[in-house]
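Below is one structure, written out as structure tokens, with a few remarks after it.
The values are calculated or read from the model by the stated rules, or taken from the named source; none is laboratory data. Predicted model only: the values in this text are computed from it and were never measured. FYI the Cβ positions are ideal-geometry reconstructions off the backbone, even for glycines, and counts take in every protein chain you see. The accessibility values were calculated without ligands, DNA or RNA, using every heavy atom of the protein model including side chains. Shrake-Rupley method; radii C 1.70, N 1.55, O 1.52, S 1.80 Å.
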Amino acid sequence: MPMFNYPFRSKLPEVPTSIFAVMSALANQHNAINLSQGFPNFNSDPKLIALVNKAMVSGHNQYAPMPGIFSLREAIAKKMENLYGVSYNPETEITITAGATQAIFTVLAATIKKNDEVLIFKPAYDCYEPTIELFGGKTIAVQLDPEDFTINWAAVKALITDKTKMIIINTPHNPSGNVLSREDMLQLEALLKDTNILLLSDEVYEHIIFDGEKHQTAALYPALAERAFITASFGKTFHNTGWKTGYCMAPAEMMKEFRKVHQFNVFSVNHPIQVALAEYIKTPENYLELGPFYQKKRDLFLSCMKASRFEFKPSKGTYFQLMSFKNITDESDFDFAVRLTKEKKVASIPISVFNEQHYDTKVLRFCFAKTDESLRKAAEILCTI
Ligand SMILES: Cc1ncc(COP(=O)(O)O)c(C=O)c1O
């Protein structure tokens, strides 16, 4: 085939294929236990699958309303009211999205203009930065403490300028497994109070939080809630990342702008899945049991890893566990992760890829959203290294 000489400059010249795709492909190629990409290797509740089936059979197979079906938005509003005592109007303040990634993309598309500055905390989930760049924004990165992943709020304050348009936070945090405390949220609130700076609060792991910690949603803090787009993911909560459904909440004026982009971005989201979720989410145990469920998996994985040469502090939330290999090898985290996958058949994610200038702290991220058998097998191998 003759080569078409692509005549345009790339809009994202620095963006490689996502590390998740790279490591998962390598895991498949080498038949490794895949603790790299963040998805469960077990199924969603059969009751939820039956509800999707029922919704399809009963004819919910055409476009859903643009903001999502009302009963699902209403169920989300009730959940917010019951869990946090906060009120979101399902008519004007909640929109169902094709996963949190689309919600985040749409928030940034609707708000970021050329030369706007957006503060993010590194290590950071990988979709924020390229999306900011796509809309002409400039990412201002703040490195979290390399040991305990806390935020130095004085350093954040020093980076705020008249160009700062938004701050993005993520709690519970991927990849560190840390959570923001009430004190963090109060510091952020004090910082933003008398400014026009927007907040994007990525809360996809809201229900995966351990050891009695309470999730600090931005919705709980009035001076944050009034400027916050909050993004959430059903994929994380109900073990079906492949269904790509989630939602965004924001005050009505902000949601109006969000929907202007959403309607031309996806227009509307998978209809039968929304019908099923609207029913399933009415039972609070379906999401409230998620924390204890994953805490058991974390504890199993960590008890099996005790005999290894990896060093770790238990994850406080998410289904990720960081492990330091500084006592094992001087290799770069990327090289070590590749070697572990190829030679030992356990895949992980090197966390330098989430860091500013790919800063390598000799740490790998392992996903423990896996069957107990996979976790035991992986730990058994890792203990031989
Ligand atoms: C921090 C964070 N935000 C957003 C997402 C995207 O969620 P979704 O799969 O619903 O698009 C993920 C998925 O891994 C994530 O870890």
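Tabulated data
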item: Cα centre as origin, Lys/Arg/Asp/Glu Cβ charges: the chain dipole, Debye; result: 740 debye
item: Cβ-Cβ FRET estimate between Asn265 and Asn89, R0 fixed at 25 Å, reported to 0.05; result: 0.70
item: Aspartates and glutamates with Cα under 16 Å of Lys193, excluding same-chain neighbours fewer than 8 positions away; result: Asp162, Glu183, Asp184, Glu226
item: Inter-label distance, nm, simple model (7 Å from Cα along the C-beta direction), Glu289/Asn61; result: 3.2 nm
item: Computed label-point distance, nm, for sites Phe42 and Arg309 using a 7 Å Cα→Cβ extension; result: 3.2 nm
item: Residue among His60, Leu290, Pro222 farthest towards the positive dipole end of the chain, charges placed on Cβ; result: His60
item: Chymotrypsin sites (Phe, Trp or Tyr not before Pro) within the stretch 316-385, DSSP loop, no more than 16 other Cβ atoms inside 10 Å; result: Tyr359
item: Accessible carbon and sulfur surface of the chain relative to its total accessible area, %, 1.4 Å; result: 53 percent
item: DSSP beta bridges in the chain [antiparallel fraction, %, rounded to 5]; result: 45 percent
item: Cut-off under 5 Å, modelled amide H: who pairs with Leu198 long-range; result: Met166, Ile167
item: The chain: relative contact order in percent, alpha carbon pairs under 8 Å with at least 6 residues between; result: 25 percent
item: Cα convex hull of the stretch 23-145 - mean projected area over all directions, nm²; result: 12.2 nm²
item: The stretch 35-132, relative contact order [Cα under 8 Å, separation at least 6], %; result: 19 percent
item: Computed log₁₀ I(q)/I(0) - Debye formula, equal Cα scatterers, no solvent, the stretch 279-338, q 0.30 Å⁻¹; result: -1.21
item: Summed residue charge, Cβ within 14 Å of Leu26's Cβ, Lys/Arg positive, Asp/Glu negative; result: +2
item: Residue (of Asn34, Leu108, Leu134) at the positive-pole extreme of the chain, dipole from beta-carbon charges; result: Asn34
item: Spin-label zone in the stretch 276-304 - amide nitrogen under 15 Å from a point set 7 Å from the Cα of Asn53 along the C-beta vector; result: 276
item: Cut-off 18 Å, label 7 Å out along Cα→Cβ of Ile385, residues of the stretch 307-331 by amide N; result: 307-315, 320-331
item: Long-range Cα-Cα pairs in the chain (distance over 25 Å), rounded percent; result: 57 percent
item: R0 of 30 Å, Cβ-Cβ distance Asn115-Glu257: FRET efficiency to nearest 0.05; result: 0.95
item: Nitroxide proxy distance, nm - points 7 Å out along Cα→Cβ at Glu14 and Asn152; result: 2.1 nm
item: Long pairs among Lys256/Lys282; Lys163/Lys244; Lys236/Lys342, criterion Cα-Cα beyond 30 Å; result: Lys163/Lys244
item: Heavy-atom surface of the chain, accessible at 1.4 Å and reported per residue (Å²); result: 46 Å²
item: Relative contact order of the stretch 302-385, pairs being alpha-carbon contacts under 8 Å that are 6 or more residues apart, as %; result: 36 percent
